[in-house]
Structure formats: C-alpha cells, structure tokens
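Beneath this line is the structure, given in structure tokens, with notes to follow.
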Amino acid sequence: MLAQHPEPHQIRLENVLTALGNPLRMKIVRRLADEGERPCGTILTGVSKSTLTRHWQVLRDSGVIWQRPHGRENLLSLRREDLDARFPGLLDAVLAAAGED
C-alpha cells in the first residue's frame, strides 16, 4: 500500500489544524521539526503500533508529513517547505506555542 500525500495546492488549513490539534501528533511534529527525518519506530515509545499508524495516517493525509518506505521501515519527515509556502508562519507559530507547555 502506498501512502497518499496531497499535492501542495491540495493541503487544506482545516485538515492541518485538525492534525495538529492532537497532543500526541504535536509531539511527533515537534520531534520531526527538531531532529529531521526519522524511522517511524523511533519517534515515540510506549504507544501501540496501531495507534501510531493512525496518527501517521492523519498527519500524512493532511499534508503535514512525508512518509516513504526505506527497507522494512517507513521514514517520516515534516513537509515544512510545503506548509510554509501554503500557510506562511503557521508551522512556526504552532511549534512555538506548543513549546510553551
């Protein structure tokens, strides 16, 4: 099964905000923003694989992350360029606000 990634012009603000509105997904986005591309199994621990798979799907389908196969794993990365082009300043503002917790 191939991941479905929206084209940059298809990324919708309401989908991005919904994806970022979940605390666990914000942790994922924060980690990707801080550390860059990561294997999916190394981003969060203590969360079931099925739960993480659902979070990857929401983030991917909303246009927040890229997911690509690499051997037996998937690598995840933040779509910062696309998000910054589509919604200038949004990602920085959300990450800054999330860092205030």
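The values are calculated or read from the model by the stated rules, or taken from the named source; none is laboratory data. If you're wondering where the values come from, they're calculated on a predicted model, not measured in any experiment. Here the Cβ positions follow ideal geometry from the backbone for every residue, glycine too, while neighbour counts run over all protein chains shown. Quick note on the areas: whole protein, heavy atoms, side chains included, nothing else; ligands and nucleic acids left out. Shrake-Rupley method; radii C 1.70, N 1.55, O 1.52, S 1.80 Å.
Only helices enter the 222 nm calculation for the chain: every DSSP H run of n ≥ 4 contributes -39,500 (n - 2.57), and dividing by all residues gives -15000 deg cm²/dmol, rounded to 500.
Based on the alpha-carbon gyration tensor of the chain, what equivalent-ellipsoid semi-axes (square roots of 5 times the eigenvalues) come out, in whole Å, largest first? Sorted largest first and rounded, they come to 20, 16, 12 Å. Computed over protein heavy atoms with a 1.4 Å probe, the carbon and sulfur contribution to the accessible area of region 26-101 reaches 49%. A DSSP coil position with no more than 16 other Cβ atoms inside 10 Å describes the following GluC sites (Glu not before Pro) in region 19-101: Glu37, Glu100. Accessible area per residue for region 1-61 is 62 Å², calculated with a 1.4 Å probe on protein heavy atoms, without ligands, DNA or RNA.
Taking 7 Å steps out from each Cα toward its Cβ at Phe87 and Thr18 produces label points 1.2 nm apart.
Largest first, how would His55, His9, His70 line up by accessible area (1.4 Å probe)? Don't jump to the answer; show the numbers that get you there.
On the way: His55 20, His9 135, His70 105 Å².
My answer, sorted largest first, is His9, His70, His55.
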